[in-house]
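The values are calculated or read from the model by the stated rules, or taken from the named source; none is laboratory data. Computed from a prediction, not measured in an experiment: that's the story for all the values here. Positions of Cβ are generated from backbone atoms using ideal geometry, with glycine treated the same way; all protein chains shown enter the neighbour counts. With ligands, DNA and RNA removed, areas are computed over all heavy atoms of the protein, side chains included. Shrake-Rupley method; radii C 1.70, N 1.55, O 1.52, S 1.80 Å.
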Protein chains: 2
Amino acid sequence: MLIIDCHGHYTTAPTAQQKFRDAQLAKVKDSSLPDPQQAHISDDEICESIEKNQLKLQRERGADITIFSPRASAMGHHLGDEAISAAWTRASNDLIKRVVDLYPNNFIGVCQLPQSPGVPIKNSVYELERCVKELGFIGCNLNPDPSGGHWKSPPLTDKHWYPFYEKMVELDVPAMIHVSASCNPNFHATGAHYINADTTAFMQFIEGDLFKDFPSLRFIIPHGGGAVPYHWGRYRGLADMLKRPLLGQHVMKNVFFDTCVYHQPGIDLLVEVIDIDNILFGSEMVGAVRGIDPETGHYFDDTKRYIDALQIRAEDKRRIYELNTRRVFPRLDAVLKARGL
Amino acid sequence: MLIIDCHGHYTTAPTAQQKFRDAQLAKVKDSSLPDPQQAHISDDEICESIEKNQLKLQRERGADITIFSPRASAMGHHLGDEAISAAWTRASNDLIKRVVDLYPNNFIGVCQLPQSPGVPIKNSVYELERCVKELGFIGCNLNPDPSGGHWKSPPLTDKHWYPFYEKMVELDVPAMIHVSASCNPNFHATGAHYINADTTAFMQFIEGDLFKDFPSLRFIIPHGGGAVPYHWGRYRGLADMLKRPLLGQHVMKNVFFDTCVYHQPGIDLLVEVIDIDNILFGSEMVGAVRGIDPETGHYFDDTKRYIDALQIRAEDKRRIYELNTRRVFPRLDAVLKARGL
């Protein structure tokens, strides 16, 4: 059995990358500043940043391969304009590609998109196509709120998003629905904005008919599906009140939850109420919560421990760890098969 | 043992009340229209609306008394201006008072507030004082987002809110943190906005130091605390990362969750991870989800069934059903004691 972590971010990128970003944003404020220079990052710097962090944790915790994308909170689609977002996105994705090239057995790429508030999502199609066709990436992170906590885009079921979905279907890649940082002081990024976005997206899917138009479109809602599994009765009941089909038919053929839930009772609930086929192993590491749980003595985000502790069949664990993720990411499956895995 | 439902709304008010509201909002759009006339509602109409709904369900399900407030989704603080909100709030609270006067053993009042976007919260103090001192109400519903899904107010820990908290402490009444309808198409009211607001408020309390300034301030976060219990490990971990005290000390002396979680696994999780002393029985009925769960044959919002089914001590059930709520609402406790209960 392979252990595939579907949710990892390059939160430990060398500081030169952030310096490029800082210079880019400084120029937004003061156009007299020089054009920012792309970061010069050596392979050694990348190796150090990965081996001391993600790779070390992969080995310690027993994961085989991580679906790896740029740091979500740093996507910052709300900062600058479309050109700024495009340059930063390209640099971020190219850096992921270098990690994958250095550790092809341990990481495979998922891309950030050059979203920007008020800009049509079709302008993100070219970067998805570049990352999938040229860089060998297997999916993308789609931000439902590029305004960073002001929620000014149409719902994900709106035709606004359709040109992008058409390309996703054509390329046969899924998207993780993932917001970035919040510039709304009401919303802590990892403590409120992320979880709210997950919950919001799911309810949009209940209200809409998106998967009638795109039967093969696939989304991962991270962080264990936000509040959804805990309120599964509410969502089943709301679907009923709104005269929607049963969730199993209406949404859950196309929507998957990861296991980024940082305590055993949460994972127990997730697996109790959500069909095993809709659950993908993920840790979000090195990520939102980095400490050790004083109640267990283990890292909060060592989510493999919680899955391992489940009283379910070994075959079901394999679905969570490997098979579901290979099904949701066919391009990953093809890569693994080509390696004889 | 008394069964106290801490979360009920007058969702079934006679249509004349809504006609008043409609006339009020019509005049906002067309100032040439006549001033709206207060609804004329007979006691019989109130009795019919209550006896066929809330009172019937109380009896069928076995609750004794409901802490009763105006329909949350109809508060509509984002509609009209401060004067509109004030007139609607007064009418809504006065109608609750009539219900309580007709059924003093079955209902006790909690008030809506005359909030309005951009208006200082201190302008809501007079209505809280009127409702508590003149109408005998025991608490209030505080809307953290009077903009209706645009989240333009400061976080609940900001000094903006302090004048209101001072009055709450003086009167010794708690607030349920409860948003109203959403005018942001991203957020379905009961499926996203409500749950997001619950999660958001909790994270604000982690980030802030509100309860150092107001050690006796008490909030109920409804809908089972939003996403919080499901992500309890995340919140404990974030508190640690942000160098905040342990949640038991930092937040949970002042914050309580109701049981408006509409399936057994959710209630099981709530009681597993949250201290019993922080859980108040609530149903939100007649409310957000009105149908029958095809998996159980019972109403989704018959939350008493889920509590009854818990494998916990009878004494702990009594804390959830009665004792915690009497502690959080001292004015309710005083009323019940005066009745020999």
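Miscellaneous remarks
- Each other copy places its own label point for residue B:45 at 7.3 nm from this one, sorted shortest first, where the point lies 7 Å along the Cα-to-beta carbon line.
- Computed over region B:166-250, relative contact order equals 33 percent, with contacts defined as Cα pairs under 8 Å that lie 6+ residues apart.
- Full extension of the chain between residue A:48 and residue A:18 yields a length gain of 9.2 nm, computed as 0.36 nm times the residue separation minus the alpha carbon distance.
- When the Gaussian network model of chain A links Cα atoms closer than 10 Å, the mean-square fluctuations of A:87, A:181, A:197 top out at A:87.
- Amide H contacts of residue B:282: B:6, B:259, B:260, each under 5 Å away and 5 or more positions distant or on a separate chain (H built 1.01 Å from N in the peptide plane; Pro and chain starts excluded).
- Across A:294, A:215, A:120, mean-square fluctuation computed from a Gaussian network of chain A (C-alpha pairs under 10 Å connected) peaks at A:294.
- Within region B:193-251, trypsin sites (Lys or Arg not before Pro) in DSSP loop having at most 10 other beta-carbon neighbours inside 10 Å: B:243
- Alpha carbon centroid spacing (whole Å) that separates region A:226-292 from region B:106-138: 37
- Figure note: B:11, B:199 ranked by solvent-accessible area, largest first, 1.4 Å probe, ligands and nucleic acids not counted: B:11, B:199.
- For chain A, the carbon plus sulfur part of the accessible surface works out to 51%, probe radius 1.4 Å.
- At a probe radius of 1.4 angstrom, the accessible area of region A:143-294 per residue rounds to 26 square angstrom.
- For the chain pair B and A, the interface hides roughly 4600 square angstrom of accessible area in total, found with a 1.4 Å probe.
- Gaussian network model of chain A, springs between alpha carbon atoms under 10 Å - residue of A:113, A:135, A:247 with greatest fluctuation: A:247
- Amide H contacts of residue A:109 (H built 1.01 Å from N, under 5 Å, at least 5 apart or other chain): A:68, A:138
- This model, with +1 at the C-beta of Lys and Arg and -1 at the C-beta of Asp and Glu, gives chain B a dipole about its Cα centre of some 400 debye.
- Contact order for region B:257-340, expressed relative to its length and based on alpha carbon pairs under 8 Å spaced 6+ residues apart, stands at 32 percent.
- Solvent-accessible surface of region A:22-125, averaged per residue with a 1.4 angstrom probe and all protein chains in place: 45 square angstrom.
- With helices as the sole contributors, chain A gives -11000 deg cm²/dmol at 222 nm; each DSSP H run of n ≥ 4 counts as -39500 (n - 2.57), and the sum is divided by every residue.
- When B:183, A:131 are compared by accessible area at a 1.4 angstrom probe, the order from most to least is B:183, A:131.
- Modelled FRET efficiency - R0 45 Å, residue A:312 with residue B:1, Cβ distances, 0.05 increments: 0.75
- Region B:46-56 - phi-based ³J(HN,Hα) in whole Hz, Karplus 6.51/-1.76/1.60, Gly and Pro as x: 4, 4, 5, 5, 8, 5, 7, 10, 4, 5, 4
- Each residue of region A:257-263 is assigned a 3J(HN,Hα), and the resulting list reads 10, 8, 9, 7, 10, 9, 7 Hz, derived from the Karplus form 6.51 cos²θ - 1.76 cosθ + 1.60 (θ = phi - 60°), x at Gly and Pro.
- Shortest-first distances to equivalent copies, position residue B:212, nm, label 7 Å out along Cβ: 5.5
- Accessible area of residue B:162 in the full protein assembly, 1.4 Å probe (Å², nearest 10): 30
- Only Cα pairs under 8 Å and 6+ residues apart enter the sum, and on that basis the relative contact order of chain B stands at 18 percent.
- Other-chain or far-sequence residues with amide H under 5 Å of residue A:9's (modelled H): A:69, A:285, A:286
- Heavy atoms of residue B:296: accessible area, 1.4 Å probe, square angstrom to 10: 70
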